[in-house]
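Okay, structure first, notes after.
The values are calculated or read from the model by the stated rules, or taken from the named source; none is laboratory data. Nothing here was measured: the structure is a model prediction, and the numbers come from that model. Here the Cβ positions follow ideal geometry from the backbone for every residue, glycine too, while neighbour counts run over all protein chains shown.
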Amino acid sequence: MRGLEVTLKCHKIVGGYGEGEALISHEPICFYLTNPKTGIIREKGHELEGKSVANKVLIFPSGKASSVVQIDGLFKLASNGVAPKAMIVKDVETVLIVSAVIANVPLVDRLEKDPFHIIHTGDFVKVNADEGKVTVIKSS
Amino acid sequence: MYLTKEEERILDGEFGEGMRKAMELLVAIGDAYDAEKLIPITRAHAASSGQEGDMYFVELLAKGGASCRVPTTTNPVYDMEYFHSIFEISEEEAEVPRRVKKAYKQIDAILSWSCTPYITENIPLYGEHVAFSESSATPYVNSVIGARTNREAAQSALAAGIIGKTPEYGLHFKENRKGTHLVKVEADLKDEFDYTLLGYYVAKQIGYGIPVFTGISKQPSTEQLINLCAMLNTPGAVPMFHIPGFTVEAKTVKDAFQGDVPEDKITVTDDELKRTYEEIRGASGKIDLVMLGCPHYTLKQVEEVARLLRGKKIHRDVSFWVCTSATAKLLAERNGYLSEIERAGGHVVADTCIDEPCWHPYKDKTGATDSPKCAYYRRFKEAVITRLKDCVEAAVKGEWG
């Protein structure tokens with residue numbers, strides 16, 4: 001299946017294009033609880049603790065935490081060049097949208113298939129938010 | 001989302017980069033929530049924070065030539081001059097708040113620096129469509145006043161203030177403003193702190209939703225409602241509630257639910273309030289500071305502090321702070337409350353939030369407060385949460401419990 005390419009429709013929230021290796025989180029993410037210089041998640045007990053979101057296409061259910069900290073968190077990652085290249089989520093809320101607009105990170109939801117089934121950590125993913133398309137290139 | 005010709009042109013950058021970015025944000029939110037269009041708003045409140053993300057966005061708007069199309073108030077940062085006279089503040093530390101303040105002035109925001117502008121300089125009327133961020137502000141204007149706002153983030157409210165519009169979704173529609181949880185209050189709500197405990201307990205139970213309170217028989221005060229609003233958004237995210245008979249939008253419980261009243265209910269007795277208090281109050285012992293005014297104290301609360309301190313002296317090892325609005329501080333000065341508090345050894349400071357870097361001298365200290373929200377965001381190490389009069393007593397003795 002390696003190299004197999006699948007293109008899925010999605011719903012644009014924040015426009016733009018981003019590509020990179022997929023990183024899946026089944027838990028919500030608070031960007032304030034990452035190292036702003038490296039993008040490494042430092043939230044104790046988080047399934048991605050110790051992993052870096054830098055330059056990844058991040059697939060996660062939703063954001064969490066107050067607007068002030070979430071926005072500041074993603075913004076700092078972006079200023080240091082270690083933000084995700086794009087984000088695919090299941091449930092959006094205002095704070096995550098604002099964070100993505102300010103940090104200029106493409107954000108999409110409503111993939112035509114469950115992203116947690118179709119995408120696995122390590123796959124290569126191209127997110128074309130403007131055209132409402134996500135392309136997944138399987139790694140195995 | 002449908003955009004008018006003018007809105008398209010804003011999004012294309014014809015009116016400058018500032019308005020383009022604000023419009024991009026509103027369109028993203030509208031698309032996410034399937035709004036059909038933007039609707040005009042009459043006012044906004046931006047929960048500015050003086051953090052770097054906040055600074056970036058407001059400077060981008062300012063540099064991009066944007067300014068507020070409708071009156072837009074600002075949340076507290078901190079009063080640098082006041083703090084500078086007491087603590088050492090480095091140039092580096094002062095830079096972010098200074099730049100934030102300058103940029104908000106440049107975009108023509110109303111520089112209220114207050115988290116309770118809805119009782120002073122930014123008061124909507126019933127039915128107005130507005131965009132209010134800040135945990136106590138959103139539910140207050142929705143519930144107590146009956147204006148209509150979604151639970152905005154600081155920047156989405158600011159973008160709405162810049163464009164003068166907001167996407168039409170959620171609480172802008174009457175059908176989305178109906179109750180989701182019935183809360184039967186059997187507890188005797190005696191003071192402001194009881195409303196704090198009520199809000200905290202209910203938010204922990206429901207997380208998100210629109211609670212409808214029954215059993216409250218006495219007219220709640222402004223201060224009690226402010227506390228209820230703030231605490232419903234400390235362990236929870238409650239954009240609105242109804243108290244039929246007191247809040248404006250529903251006269252009866254049936255009205256509040258727009259039809260069927262749910263059978264399930266949450267009952268709050270004196271026991272629940274007592275247990276909530278036991279859970280949050282913190283350990284007895286020596287205290288180093290008292291922090292009041294989260295949300296900002298009203299003039300009436302500042303007066304109460306002055307009265308409780310009358311004839312007393314704050315312990316020499318205790319710092320005593322009251323955060324309030326510029327308006328309330330001015331009137332407190334006129335009425336003599338300010339000098340009474342200062343004579344006892346306390347500080348009254350305007351324009352300042354409890355969650356700012358200016359409080360760093362207290363990072364290893366133990367503080368007492370009457371606000372679980374203050375304790376949640378605290379800039380000190382250990383927290384005691386109790387009634388105002390206990391906080392004052394602890395300040396005088398230097399210890400609590």
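Laid out as a table, the results:
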{"quantity": "Qualifying residue in segment B:38-52 (condition: in a loop (DSSP other than H, G, I, E, B) and β-branched (Val, Ile, Thr))", "calculated": "yes"}
{"quantity": "Any hit, segment A:99-117, residues being more than 14 Å from chain B (Cβ to nearest Cβ) and closer than 17 Å to A:LYS56 by Cα", "calculated": "yes"}
{"quantity": "Residues of segment B:88-119 that turn out to be at pLDDT below 95, in a loop (DSSP other than H, G, I, E, B) and surrounded by 13 or more Cβ atoms within 10 Å (Cβ to Cβ), as a count", "calculated": "1"}
{"quantity": "In segment B:47-65, the residues that are facing chain A (nearest Cβ under 9 Å) and touching a Lys or Arg at 6+ places or on another chain (Cβ under 7 Å)", "calculated": "B:GLU52, B:LEU60"}
{"quantity": "Odd one out for B:CYS353, checked against (1) of a type outside the set (A, V, I, L, M); (2) within 24 Å of B:GLN51 (Cβ to Cβ); (3) more than 23 Å from the chain's Cα centre (by Cα)", "calculated": "(3)"}
{"quantity": "Meets criteria (more than 14 Å from every other protein chain (Cβ to nearest Cβ), in a loop (DSSP other than H, G, I, E, B) and touching a Ser or Thr at 6+ places or on another chain (Cβ under 9 Å)) for A:GLY81", "calculated": "no"}
{"quantity": "Answer residue from segment B:22-46, given it is surrounded by fewer than 22 Cβ atoms within 10 Å (Cβ to Cβ) and of a type in the set (D, E, K, R) and is farthest from the other protein chains (Cβ to nearest Cβ) among those", "calculated": "B:LYS37"}
{"quantity": "Any strands (runs of 3 or more DSSP E) falling wholly within segment B:309-401 and containing at least 3 residues that are more than 23 Å from B:SER48 (Cβ to Cβ)", "calculated": "B:366-369, B:382-385"}
{"quantity": "Residue list for segment B:139-156, restricted to those being within 11 Å of chain A (Cβ to nearest Cβ), within 14 Å of the chain's Cα centre (by Cα) and under 19 Å from B:ALA109 (Cβ atoms)", "calculated": "B:GLU152, B:ALA153, B:ALA154"}
{"quantity": "Count of residues meeting criterion [part of a helix (DSSP H, G or I) and either away from chain B (no Cβ under 13 Å) or more than 21 Å from A:ALA78 (Cα to Cα) (or both)] in segment A:4-46", "calculated": "1"}
{"quantity": "Yes/no for B:VAL27 being under 20 Å from B:ASN150 (Cβ atoms), in the same structural domain as B:VAL130 (by TED's automatic domain parsing) and assigned to a helix (DSSP H, G or I)", "calculated": "yes"}
{"quantity": "Residues located in segment A:69-78, provided they are facing another protein chain (nearest Cβ under 7 Å) and surrounded by fewer than 24 Cβ atoms within 10 Å (Cβ to Cβ)", "calculated": "A:ASP72, A:LYS76"}
{"quantity": "Residue identified as modelled with pLDDT of 95 or more, surrounded by 20 or more Cβ atoms within 10 Å (Cβ to Cβ), under 25 Å from B:ALA375 (Cβ atoms) and among the polar types (S, T, N, Q) among B:ASN227, B:ASN233", "calculated": "B:ASN227"}
{"quantity": "Answer residue from segment B:166-192, given it is assigned to a strand (DSSP E or B) and over 22 Å from the mean Cα position of the chain (by Cα) and is surrounded by the fewest Cβ atoms within 10 Å (Cβ to Cβ) among those", "calculated": "B:LYS184"}
{"quantity": "Test: residue in segment B:123-137 that is crowded, with 19+ Cβ neighbours inside 10 Å, within 14 Å of chain A (Cβ to nearest Cβ), in a loop (DSSP other than H, G, I, E, B) and in contact with a Cys (Cβ under 6 Å, 6 or more places away or on another chain)", "calculated": "yes"}
{"quantity": "Residues satisfying the stated conditions in segment B:66-80, i.e. outside any loop (DSSP other than H, G, I, E, B) and either at pLDDT 95 or above or within 12 Å of another protein chain (Cβ to nearest Cβ) (or both)", "calculated": "B:THR72, B:THR73, B:THR74, B:VAL77"}
{"quantity": "Residue that is farther than 19 Å from B:GLY50 by Cα, surrounded by fewer than 23 Cβ atoms within 10 Å (Cβ to Cβ) and out of contact with any Ser or Thr (no Cβ under 9 Å at 6 or more places or on another chain), where the choices are A:GLU93, A:GLU131", "calculated": "A:GLU131"}
{"quantity": "Selected residue (criterion: nearest to B:ARG99 (Cα to Cα)) from residues of segment B:35-56 that are in contact with a helix residue (DSSP H, G or I) (Cβ under 6 Å, 6 or more places away or on another chain) and at pLDDT 95 or above", "calculated": "B:ALA46"}
{"quantity": "The one condition in (1) under 23 Å from A:THR135 (Cβ atoms); (2) within 14 Å of another protein chain (Cβ to nearest Cβ); (3) modelled with pLDDT of 95 or more that A:LEU58 fails to fulfil", "calculated": "(2)"}
